[in-house]
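Readers should treat all values here as calculations from the given coordinates under stated rules, not as data from a laboratory. This one's a predicted model, so the numbers in the text were calculated from it and none came from an experiment. Neighbour counts are summed over all protein chains in view; Cβ atoms, including those assigned to glycine, are modelled from backbone coordinates with ideal geometry.
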Amino acid sequence: MSLYFRNFPIYRIEWVTSAFLIGTALASLTVVPWFLWTHWDVSLGWGFVWALFTFYYFATGFGITLGYHRLFSHLSFKAGWPVKLFTLLFGAASFENSALDWSADHRIHHKHVDEDEDPYDISKGFFYAHIGWLLFRLKPKPPVTNVKDLEADPLVMWQHRHVQTIAVIVGFVIPTLLGCAYGHLVTGTPGETALACFLIVGLLRTVVVQQGTFCINSLCHMIGRRPYSTRHSARDSGVVALLTFGEGYHNYHHEFQHDYRNGVKPWQYDPTKWIIWTLSKVGLADDLRTVPDTRILAAEVKERSKVLASDTDRLVARLDGRTRELKARTIEAVRAIADDLARRSEALKEAAAQKAEVGRETLDEVRALFREAAAHLDHLRGAENPAVA
Ligand SMILES: [Zn+2]
Ligand SMILES: [Zn+2]
């Protein structure tokens, strides 16, 4: 046996979780394609199977993003029992443990992001943040002390006590029975339709939704921009938002975790936000928490001024003495803009404290400054590399 395997911390492996995660993933890559290949031309009601898959994909996905994440972990809105019950049932069916355990881990993630205590710390690498933290525990789990509010909720505690049973019944038994009933009543293929639903709505859907959630902990801390803060690794990415029901605007989320929106701009893809908003319009949710536009803009402006100053320092350090002299006015101009933005960010913060709105003019001025600074930086970059310019 190699030294590597002798040193491998076998006692730290989470056997049941690992067997489940690896087993379902392997079965989705082997048994599911085999079934599709051998049954694609059998009239077992494929339209029904894929419709049920779609419903389950969104119901269990929103169970996590809308329920576990924005409602239970962050209390970003209030919801009546129908929304709580729905997200607890379908959240359980995504096989990501109870809302209570999930929220406890997630609150620690926000408090200690990128530090050793962060349960899915990205500084330990993509694999660890994505799934490794579930396969083996590097250290014993700390006692759960940060979810007292949820422990007082009888519905949350009921789900916590019976989560595995609920997961199996809602995630596998019900779709299989529905498939059996449909096959029996419509296509005359109860066995085959039941098996199709078990494999596609139960198994494949579980794996797809889990991988989507895992991407929030891995890709959302690796891919994209950081317009609101570079103090942590969380990033904004529209592409990742597509895979995660709108959770891809993670830089914003880490900066303003109690906002019910993750994609805060009107054009950003955040279906979880759209559903919460719709629920509030039909009386199923209220007290939607939002951060005022002025405060959001203050964060953006402050971050831009910081990045601008450090980019300029970096570029100027690389210029030779003569070029530095020639470009002195540009360097001065870009530094002045960085200072101006820093001042504006303070003024915006002040305005936010007094609940003032951001005027159109302020927005236009700030955007013009962003553009001007970018042009100056391009100019300096050209000077840094004259052969290319
Ligand atoms: Zn995060
Ligand atoms: Zn969060």
As a Kirkwood estimate from alpha-carbon pairs, segment 293-384 has a hydrodynamic radius in angstrom of 13.8
Computed over segment 240-389, the relative contact order (Cα-Cα under 8 Å, seq sep at least six) in percent reads 21
Taking the chain and counting helices only, DSSP H stretches of n ≥ 4 at -39,500 (n - 2.57) each over all residues, the nearest-500 ellipticity at 222 nm comes to -18000 deg cm²/dmol
Residue 219 neighbourhood, Cβ < 13 Å, K/R = +1, D/E = -1, net charge -1
Between residue 355 and residue 50, Cβ-based FRET efficiency (R0 51 Å, step 0.05) works out to 0.55
Candidate span helices, the chain: DSSP H, at least 27 Å along axis from Cα coords, Kyte-Doolittle average at least -0.5, result 15-39, 293-318, 328-353
Taking Cα atoms only, Rg over Rh for segment 29-149 with Rh from the Kirkwood formula is 1.08
Contact order relative to length for segment 79-169, counting C-alpha pairs under 8 Å separated by 6 or more residues, stands in percent at 40
Once the dipole of segment 293-384 is set up from charges on Cβ (+1 Lys and Arg, -1 Asp and Glu), the residue from the list 342, 359, 308 lying farthest towards its positive end is 308
Rg/Rh over Cα atoms for segment 162-226, Kirkwood Rh, comes to 1.23
Counting as exposed only chymotrypsin sites (Phe, Trp or Tyr not before Pro) in DSSP loop states with no more than 10 other Cβ atoms inside 10 Å, the longest exposed-site-free span of the chain is 41-266
Sorting 102, 163, 35 by the position of each Cα along the dipole of the chain (Lys, Arg +1; Asp, Glu -1; all at Cβ), the one nearest the positive end of that ordering is 102
So, with points 7 Å from each Cα along the Cβ direction, the residue 161-residue 375 label distance in nm works out to 6.8
For 76, 280, 18, ascending order of other Cβ atoms within 10 Å (fewest first) is 18, 280, 76
Using eta = 1.002 mPa s and T = 20 °C, Stokes-Einstein with Kirkwood Rh from Cα pairs puts D for the chain, in µm² s⁻¹, at 90
Here the residues of segment 78-95 lying in the modelled label zone of residue 173, meaning backbone nitrogen under 20 Å from a point 7 Å along Cα-to-Cβ, are 85-95
Two pseudo-spin positions, 7 Å from Cα along C-beta at residue 18 and at residue 267, lie apart in nanometres by 4.7
In nanometres, the difference between 0.36 nm per residue of separation and the alpha-carbon distance of residue 75 and residue 36 is 9.9 nm
Counting only backbone N atoms under 20 Å from a point 7 Å out along Cα-to-Cβ of residue 230, the residues of segment 287-326 in range are 296-319
Rounded to whole Å, √(5λ) for the Cα gyration tensor eigenvalues of segment 191-260, largest first, gives 33, 10, 8
Taking r as the C-beta separation of residue 340 and residue 85 and R0 as 56 Å, the FRET efficiency to the nearest 0.05 is 0.60
With the 8 Å Cα cutoff and a minimum separation of six or more residues, segment 3-286 has a relative contact order in percent of 21
